[in-house]
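Engineer: My questions all concern the structure below.
The values are calculated or read from the model by the stated rules, or taken from the named source; none is laboratory data. It should be emphasised that the depicted structure is a prediction, and the values quoted were computed from it without experimental measurement. Reconstructed Cβ throughout: ideal geometry from the backbone, glycine too, with neighbour counts over all protein chains shown.
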Amino acid sequence: MAIYFLTDNARTLLGKFNERIDQQEAKGKITTWEKSDDGEYYTHTSVDWRKKAWMKPLVKSDRLVFNIIKPKNHSVSAVVYGFYHGHLIETFLNHFDEDFTEGKATARATSDDMCS
């Protein structure tokens, strides 16, 4: 499953996502996602869902793509990837709705996803 945010400024959109995760002030801060230690991936922060999967961004000319990546030694269940995809789209709608024209998720894993 992949998420696509159609935008002319994918790099800027990803930068805004990172800024909102990293910011210190509470207003507008994204608290439901955190970056991996190397800053390359994102996981949900809730106790029940944290590190159940990782989202890997890819900047393209007309879109920002997120692919789901399984944690070491575990698969990503349909419930987990449904949760991750739904919540990432929700986050972008709540914070960046003016920065993309369409957000969508594929129904099945793509070649760039690593679920099992």
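Engineer: Pick from Ala53, Ala105: which is touching a residue at least 12 places away in the same chain (Cβ under 8 Å), more than 23 Å from Asp22 (Cα to Cα) and crowded, with 17+ Cβ neighbours inside 10 Å?
Structural biologist: Details: Ala53 fails: more than 23 Å from Asp22 (Cα to Cα).
Just a single option satisfies the conditions, and that option is Ala105.
Engineer: Which residue is surrounded by the fewest Cβ atoms within 10 Å (Cβ to Cβ), if the candidates are limited to the stretch 21-33 and must be closer than 15 Å to Phe66 by Cβ and touching a helix residue (DSSP H, G or I) at 6+ places or on another chain (Cβ under 7 Å)?
Structural biologist: The selected residue is Thr32.
Engineer: Kindly check whether there is at least one residue in the stretch 34-48 that is among the hydrophobic types (A, V, I, L, M, F, W, C), touching a helix residue (DSSP H, G or I) at 6+ places or on another chain (Cβ under 6 Å), surrounded by fewer than 17 Cβ atoms within 10 Å (Cβ to Cβ) and not in a helix (DSSP H, G or I). Walk me through how you get there before you give the answer.
Structural biologist: Pass one, the stretch 34-48, residues among the hydrophobic types (A, V, I, L, M, F, W, C): 47.
Among the residues that remain, those that are also touching a helix residue (DSSP H, G or I) at 6+ places or on another chain (Cβ under 6 Å) are: none.
Checked against the condition, which is being among the hydrophobic types (A, V, I, L, M, F, W, C), touching a helix residue (DSSP H, G or I) at 6+ places or on another chain (Cβ under 6 Å), surrounded by fewer than 17 Cβ atoms within 10 Å (Cβ to Cβ) and not in a helix (DSSP H, G or I), the stretch 34-48 yields no hits at all.
Each row is one residue, and each column tells you yes or no for (1) of a type in the set (Lys, Arg); (2) over 14 Å from Thr106 (Cα atoms); (3) modelled with pLDDT of 95 or more; (4) in contact with a strand residue (DSSP E or B) (Cβ under 9 Å, 6 or more places away or on another chain).
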| residue | (1), (2), (3), (4) |
| --- | --- |
| Lys27 | yes, yes, no, no |
| Glu34 | no, yes, yes, yes |
| Asp37 | no, yes, no, no |
| Val59 | no, yes, yes, yes |
| Phe66 | no, no, yes, yes |
